[in-house]
1. Given the DSSP H assignment, sum -39500 (n - 2.57) over each helix run of at least 4 residues in chain B and divide by its residue total; what's the result at 222 nm in deg cm²/dmol, nearest 500?
2. So, counting K/R as plus one and D/E as minus one, what does the shell of residues with Cβ under 10 Å around B:Val226 add up to?
3. What's the local net charge at A:Pro22, with K and R +1, D and E -1, over the other residues with C-beta under 15 Å away?
4. If I build a Gaussian network model for chain A, linking alpha-carbon pairs within less than 10 angstrom, which residue out of A:Gly72, A:Gly86, A:Gly42 has the largest mean-square fluctuation?
5. Which of B:Ala249, B:Ala170, B:Ala58 ends up with the largest GNM mean-square fluctuation for chain B, with Cα atoms connected below 10 Å?
6. For A:Ile7, list long-range residues whose amide hydrogen, built 1.01 Å from N in the peptide plane, is under 5 Å from its own amide hydrogen.
7. Please sort by residue number the trypsin sites (Lys or Arg not before Pro) in region A:1-67 whose DSSP state is loop and whose Cβ has at most 14 other Cβ atoms within 10 Å.
8. For B:Leu31, enumerate residues with amide H under 5 Å from its amide H, sequence gap 5+ or separate chain, H modeled in the peptide plane.
Amino acid sequence: MTRTIPISLVVNDRHVDAELEPRRTLADFLRNTLRLTGTHLGCEHGVCGACNVLLDSEVVRACLMLAVQADGHAVVTVEGLSPARGLNALQQSFKTHHALQCGFCTPGFLIAAHALLQEDPHPSRARIEEAISGNLCRCTGYIPIVQAIDAVAQEQRPDAAGEPRT
Amino acid sequence: MKPPAFDYVRPATVDEALALRDRHGDDAVFLAGGQSLMPSMNFRLAAPGIVIDLNGIAALAGVEAHADGSLVAGAMTRHRFFETSPLIAERLPLLSRAMASVAHVAVRNRGTIGGSLCHADPSAEWPALCIACDASIVLQSSAGSRRVAADEFSLGVFTTAIAAGELLTAVAFPPWPKRRGWGFEEVSRRLGDFALVGIACVVDLDASGCCADARLVVFGAGDRPVLASRAVEALRGRRVDDGALRTAAARARADVACRSDHHASAGYRSRLVEALTHRALTHALHSAS
C-alpha cells in the first residue's frame, strides 16, 4: 500500500488542503478531487495542451505534473480566469470570433493565451501563433483562435482607437 | 494512461537524493522537469517503485556566472530560463536562440537542461548544444563527482555515460570567446516538434578574420548527436568563402549516417544535413564578424 501525502496549495485563489496518493497527476486532482472539470485531458503525454493550467503564473501541462508537486504553489485553472458571472474579455472574444466548435481544446487555449497576454499585452501575430503552437484544435483550423486573441491584444493597446491594422 | 502506484520523496539536498538512490537502487528514478519521465510513467513504460523529486533541491537550480566568462548551470535550470535570461543572451547566445525550438512554452516552463541531457533523445537540442559549446557534464555520486565531456555523454538512443548511482548535477560552459559566431538550424514537421535534422555550430575567427576554430554538431540524423570534425576542417585556418562552406556541408553529409523512420527517409535527412550545415555556418560567419 502506497502511503498518501498531505499537500497544501492555492487553487483559483482558494486555499486547499488534501491528502493523496503520489501517482495522482495534477490534472486528475483538479478534475476528480476538486471537481474543476474545465481542465481537460486529451493525450496525457504533454502534446495536446488541453490540460494547460497556470502554476505560479506560468503555463504548464497539468498531465505532466504530480499533484504532490503542486504543494506550496498557486494553481489557476480555466475556471479561475472568469469573473464570478459571465465571461472575461478573452472568453468573450473566443465566442465573438467563433474560435471554438466542440470546445474540448478551448480551456487549454484560453490558459495559453492568458499567459501570453500577461507577459506581453500587445503580442504580434507571430508571437500569438508561437504561444498557441503547443495546443491542438481539430475543429477550427486555428485562424479564428488567432483572431480572437489578436482582437483582445488590440483592445488592450493604449492607442486602440479602432483603426484597422495592416 | 495513469502511472502505476509509487512512493514519492522530495529531498532538499543532493546528498539526501543520492542516499535515497543508493538505498533503492534501480527501483528509484530521479524526477526533474517531468516532461519526458511523466509521459513514460503515464504510458507505463516506466514503473518506478520510488520517485525522487529533485524540484526541492535549491542548489540544483540556476546559473552561476564566473569572472572568466564561464557559466555553470544547475541541472534543474529550466529551458525557459535559458530562453529569456539576459545573461545567457550575452554569454551563450546560441542557447537563447535554440530554446525556441524546444517543444512549447508550457513544456519549456518545466523541462530542465539536466533532464533533457539524461533522457538523451537523439533529436533533442540540449545534447547537441552542449557539444557545440564544448560543455562538461558534472556527475555526482555518494563516492564523489566527475566530469564528462558533452561529446562523450550521449552514447545512443536514450543512453548516456551516467553510471548507476550517479546524478547529473550541473553543466559547465567554458567562456564564449570574442569573435565567435554561432548558427542554429532545425527542420521539424511542426514548430516545437522533435527535429528531423538539426545543426548547432560555433565558428571562431582570429584577428585577421580567418577561421581559428569551429565546432559543428548534427542532431536528429542518427542515434546520437555527432560532432562533424572533418567538415569544419574545410574552414580552419582560412578566410572562409562560400566554396569552403559548400565543401564543409558536403563533408557533413558524407560523414553523418542518417536513419530512416516514419518521419523521414535517410535520403531526405542527408539532404537536410547538407543544406542546414551550409545555412548554419553562413549564419555563424555573419554573426562572428
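1. Per the formula, -9500 deg cm²/dmol.
2. Surrounding charge for B:Val226 is -2.
3. Working: positive: A:Arg3, A:Arg23, A:Arg24, B:Lys2, B:Arg10; negative: A:Glu19, A:Glu21, A:Asp28, A:Asp71, B:Asp7, B:Asp27, B:Asp53.
Net charge around A:Pro22: -2.
4. The residue with the greatest mean-square fluctuation here is A:Gly86.
5. It is B:Ala58.
6. A:Ala18, A:Glu19, A:Leu20
7. Listed in order of number, the matching sites are A:Arg3, A:Arg35.
8. B:Ile52, B:Asp53, B:Leu54
FYI, it's all coordinate maths here, none of it is from the lab. Here the structure is a predicted model, which means the values were calculated and not measured. In this analysis, Cβ positions are derived from the backbone assuming ideal geometry, glycine residues included, and neighbour counts consider all displayed protein chains.
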